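Visitor: I have a structure I would like to understand better, so I am pasting it below and will then ask my questions one at a time.
The values are calculated or read from the model by the stated rules, or taken from the named source; none is laboratory data. Remember, predicted model here, so these are calculated numbers, not experimental data. So basically every Cβ, Gly included, is an ideal-geometry build from the backbone, and we count neighbours across all protein chains shown.
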Amino acid sequence: MLRALRSFGFWATLMARLMAAITARLTDAHRQLLAGPLAVQVSSATADLQPLCARGWGVEVSATDQLTFFALDAQTVDLRRALGQSGRAAVNVTNPVTLQSLLFKGRVVLIAEPDQAAREAVDQRLTQFVHALSAVGFPDFTRGFNHPGPARRVVLQLDGCFEQTPGAKAGRPLEGA
């Protein structure tokens, strides 16, 4: 019994070290990416494991390893249902100009009711996204991304973060900073 407890202690310590402080692994470059214009794709699965993906807006990562994104109700009806069923999500964030990308995975801890603050966050991030693409010569075709109506905040407790920028490190977990 004592041997099993020691073994459990080892694995518990190892898991705690692996899972601890995802946000501590974010470098200044990662934080700059998160503050800039982002293409945000949110994925989950239905109860029968059918994958779903929708656009999110505005990602914020807290010091407590929580990720918040904003979702327009008109774009995310099925995705929100899947988030509620599976309780899991993957959020890919990409700078649309540089293609620098990160992938976050976690469990859903909150799908808030629609509110004006969420709608304003979506509008602000959409404007930032459109300006970034316009600056490199893309026409303003992005108006179709913005649907009128309510928006809500979705919060994940992060389990992992991965490099997704195209190249040799794509898919690797972020290492300690």
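Visitor: For the stretch 67-81, indicate whether the set of residues that are touching an Asp or Glu at 6+ places or on another chain (Cβ under 9 Å), surrounded by 19 or more Cβ atoms within 10 Å (Cβ to Cβ) and not in a strand (DSSP E or B) is non-empty.
Guide: Yes - at least one qualifying residue is present in the stretch 67-81.
Visitor: With the requirement that a residue be of a type outside the set (Phe, Trp, Tyr), in a strand (DSSP E or B) and touching a residue at least 60 places away in the same chain (Cβ under 8 Å), what does the stretch 45-66 give you?
Guide: Those that are of a type outside the set (Phe, Trp, Tyr), in a strand (DSSP E or B) and touching a residue at least 60 places away in the same chain (Cβ under 8 Å): ARG55, GLY56, GLY58, VAL61, GLN66.
Visitor: Further question on the same structure: Looking at SER134 and the list (1) farther than 14 Å from LEU34 by Cβ; (2) surrounded by fewer than 19 Cβ atoms within 10 Å (Cβ to Cβ); (3) touching a strand residue (DSSP E or B) at 6+ places or on another chain (Cβ under 7 Å), which single condition is not satisfied?
Guide: The number of the failed condition is (3).
Visitor: How about the stretch 31-40: which of its residues are under 15 Å from PHE104 (Cα atoms) and either modelled with pLDDT of 95 or more or not in a strand (DSSP E or B) (or both)?
Guide: Once the filter is applied, which keeps residues that are under 15 Å from PHE104 (Cα atoms) and either modelled with pLDDT of 95 or more or not in a strand (DSSP E or B) (or both), the stretch 31-40 yields ARG31, LEU33, LEU34, LEU38.
Visitor: Please verify whether the stretch 83-99 includes one or more residues that are crowded, with 19+ Cβ neighbours inside 10 Å, polar (S, T, N, Q) and either touching a strand residue (DSSP E or B) at 6+ places or on another chain (Cβ under 7 Å) or in a helix (DSSP H, G or I) (or both).
Guide: Checking the stretch 83-99: at least one residue is crowded, with 19+ Cβ neighbours inside 10 Å, polar (S, T, N, Q) and either touching a strand residue (DSSP E or B) at 6+ places or on another chain (Cβ under 7 Å) or in a helix (DSSP H, G or I) (or both).
Visitor: Looking only at the stretch 130-165, which residues are over 18 Å from PHE69 (Cβ atoms) and modelled with pLDDT of 90 or more?
Guide: Answer for the stretch 130-165, where residues must be over 18 Å from PHE69 (Cβ atoms) and modelled with pLDDT of 90 or more: GLU163, THR165.
Visitor: Would it be correct to say that ALA45 is more than 16 Å from GLU120 (Cα to Cα), surrounded by fewer than 19 Cβ atoms within 10 Å (Cβ to Cβ), aliphatic (A, V, I, L, M) and modelled with pLDDT of 90 or more?
Guide: So ALA45 passes the test.
Visitor: Would the stretch 5-13 turn up any residue that is under 30 Å from LEU133 (Cβ atoms) and either surrounded by 11 or more Cβ atoms within 10 Å (Cβ to Cβ) or at pLDDT below 85 (or both)?
Guide: no
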